[in-house]
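A quick write-up on the structure given underneath.
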Amino acid sequence: MGVADVAIDLQDINVTFERKGETVTAVNDVSLQVKKGSIYGIIGYSGAGKSTLVRVINLLQRPSSGKVSVSGQDLQQLTDKKLRGVRQKVGMIFQHFNLLRSRTVLNNVEYPLLGKKISRKDREAKAFELLKLVGLAEYAQSYPEELSGGQKQRVAIARALASDPDILISDEATSALDPQTTASILELLKKLNDELGLTIVLITHEMQVIKSICQEVAVMADGSVIEQGLVGDLFTAPQQPLTKSLLSLRLM
Amino acid sequence: MLANWFPNVASIWPQFVQSTWETLYMTFWSALIAGVLGLGTGIFLVVTQPGGINADPSFYSFLDKVVNLLRSVPFIILLAVMAPVTKYIVGTTVGTPAALVPLIVGIFPFYARQVQNALLSIEPSVIEAAQAMGSSATEIIFRIYLRECLPDIIRVSVVTIISLIGLTTMAGAIGSGGLGDIAISVGYARFENDVTIAALLVILVLVFITQIIGDWIARKVEHL
C-alpha cells in the first residue's frame, strides 16, 4: 500500500488516563491503516477502547504516545489553527446525533460553514442540497426535536458533509436506532462511499453492521486490537475466541 | 384616593417619586454592569473547568473560590466592607451612585453561578461535536454555549434582577436612597405605615413587570 493511498495511519497508539492515582490504559499499542475510499470497521464490546481510539484520529483525544497521520499530515506537529482545518476535513457522527436544538435542521447543516468565506445564500443552498442528498429537504425549517432518530442521524450526516470532508468517522451511529433504520443509514453511508469516495471509519458492537458495509475490520478488546484484516477472512476463519463470540451472537 | 388611603405618601409625593426613580436607577445600572461581569465570569468558569474547552484548573479553582467567597458575605456587611473601595471609585460613600459598587459586587457572583449552571446544561457530547467540526473555543462560546442556552440565560437573568431589586432596598442602610430607604427612614421611623406599604407595592409591581417581560422574552427565543 503506497503512502498516497492511506487516508489514516495510526502507529503504536497508546492512550492512558490517570484516575484516582491509578493509570488506566484505554488504548494499548494500536497500529492501523485505513485505505483511501474504504470502509473500515472497528468492533468490540463497550469499554474496549473503540471510541477513544477513533477520537485519536482527529486528536479530540491526544494519544500518550504514538503517531497520528491523516491524509499524509502528521497531526501532532500542527498548530491549533491548522488542526482545526484538518478536523473540518474529518466529519464525525455520533450515537446521540449531537444536533443543536436551538437551530433549524437547515441551520444545523450550515453550522460547519459559519465563518467561512461563503455568502449566506450559497451556504443555505449548499446545506439544502445536502439535505436533499440525505432525503430530508422537506424538513429544512423543522427543529431537530421534531424528527425521529433516523432522521436526526441523516441531518447529522448532512452536517458532517457540509465542509466537504475526505473522511467520515461514525461513532456507534446506528446503535440507538431500530434495525430497519439502521439498514437505511448504512445504505446511505455506502452510497456516500461509492459516490463521493468518502473514507469511512465506523465503530460498532454489532457484527451485522460490519458485515453489511465494511471491507476491513479490527476487533478490539481491553484497549488492544486482537485481530484485524479483510471482513471476508474474519467471517470464514476467525482466529480469536472473542471474534468467534461476536460472530455467534449474530447467528443467535 | 391617594390622600385617603396613603395620606403620608401624598404629603411627601415628590420624595416618593424620587425614591422610585432611585430604585430604578440602582437596579438598571447594577444589573447592566453586574450582568456583563457575571456573564463573563460564568463563561470563564465553564470554559476553564477541568475538561472544559480551554481547561485551566488553577485559574478555574481561583475564580471558583472568589465567587464562593463573595457569595458568602452577607449583603448588609458587604455594604460596610466595600465603603473604602466605593470611596476610591466613586469619590463618596453615600448617595445612589455610591450604592452601585456594593450592589455590583454583591450580585455578580450570584449571576455568574447561575450562568455557569445554565451553560453546563449542554451535553458535553454536543461541545465535542463542535470541536470535531473544527470550531475554536470562541466560536463554541458564541455559537453553541450562548446560543443553545439563551432561554436559560434569560430565566436566570430574571431571577437575578428580582434578587437585585431586593438588594437595592437594603442599600438604604448606607444612605443610597430608593424605596427601601424611604420605607425605613420615613415609614418605619415615623410610624407612617402607609409609606412602607406604598413602597412595598411599588416594589412588587416592579418585580411582576420584570417577571412578565422576562417570561415573554424567554418564550420568544424558544422556538416551540
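Given region A:191-231, what strands (runs of 3 or more DSSP E) lie entirely inside it while holding 3 or more residues that are buried (at least 23 other Cβ atoms within 10 Å of the Cβ)?
A:199-204, A:216-221
Could you give me the residue pairs with C-beta distances under 8 Å whose first residue belongs to region B:204-224 and is closer than 11 Å to residue B:157 by Cα and open to solvent by less than 60 Å² (accessible area, probe 1.4 Å), whose second residue is of a type in the set (Lys, Arg) and assigned to a helix (DSSP H, G or I) wherever it lies, and which are 6+ apart or on separate chains?
B:214/B:155; B:218/B:155
Taking only region A:61-85 into account, find how many residues are in contact (Cβ under 8 Å) with a residue 24 or more places away in the chain and within 12 Å of another protein chain (Cβ to nearest Cβ).
Of the residues in region A:61-85, 2 are in contact (Cβ under 8 Å) with a residue 24 or more places away in the chain and within 12 Å of another protein chain (Cβ to nearest Cβ).
Please count how many residues of region B:114-150 are touching a Ser or Thr at 6+ places or on another chain (Cβ under 9 Å), away from chain A (no Cβ under 11 Å) and not hydrophobic (A, V, I, L, M, F, W, C).
2
When residue B:186 is evaluated against the numbered criteria (1) over 30 Å from residue A:97 (Cβ atoms); (2) in contact (Cβ under 8 Å) with a residue 60 or more places away in the chain; (3) open to solvent by 20 Å² or more (accessible area, probe 1.4 Å), which criterion, by number, is the only one it fails?
(3)
If a residue has to be assigned to a helix (DSSP H, G or I) and not aliphatic (A, V, I, L, M) to count, how many in region A:147-190 make the cut?
Qualifying residue count, region A:147-190: 14.
As an exercise: evaluate residue A:145 against (1) within 8 Å of chain B (Cβ to nearest Cβ); (2) surrounded by 14 or more Cβ atoms within 10 Å (Cβ to Cβ); (3) not hydroxyl-bearing (Ser, Thr, Tyr) and give the number of the one condition it does not meet.
Evaluating residue A:145 over (1) within 8 Å of chain B (Cβ to nearest Cβ); (2) surrounded by 14 or more Cβ atoms within 10 Å (Cβ to Cβ); (3) not hydroxyl-bearing (Ser, Thr, Tyr) leaves (2) as the failure.
Looking at region B:89-106, is at least one residue in contact (Cβ under 8 Å) with a residue 12 or more places away in the chain, part of a helix (DSSP H, G or I), within 30 Å of residue A:114 (Cα to Cα) and more than 10 Å from every other protein chain (Cβ to nearest Cβ)?
No; the residues of region B:89-106 include none that is in contact (Cβ under 8 Å) with a residue 12 or more places away in the chain, part of a helix (DSSP H, G or I), within 30 Å of residue A:114 (Cα to Cα) and more than 10 Å from every other protein chain (Cβ to nearest Cβ).
Every residue in region A:71-102 that is among the acidic types (Asp, Glu) and under 17 Å from residue A:8 (Cα atoms), please.
The first filter runs over region A:71-102 and keeps only residues among the acidic types (Asp, Glu), leaving A:74, A:80.
Matches in region A:71-102: A:74 only.
The values are calculated or read from the model by the stated rules, or taken from the named source; none is laboratory data. Small disclaimer: the values here were computed from a predicted structure and weren't measured. Methodologically, a virtual Cβ is constructed for each residue, glycine included, from the backbone with ideal geometry; neighbour enumeration extends over all protein chains shown. Areas reflect the complete protein model, heavy atoms only, side chains present, ligands, DNA and RNA absent. Shrake-Rupley method; radii C 1.70, N 1.55, O 1.52, S 1.80 Å.
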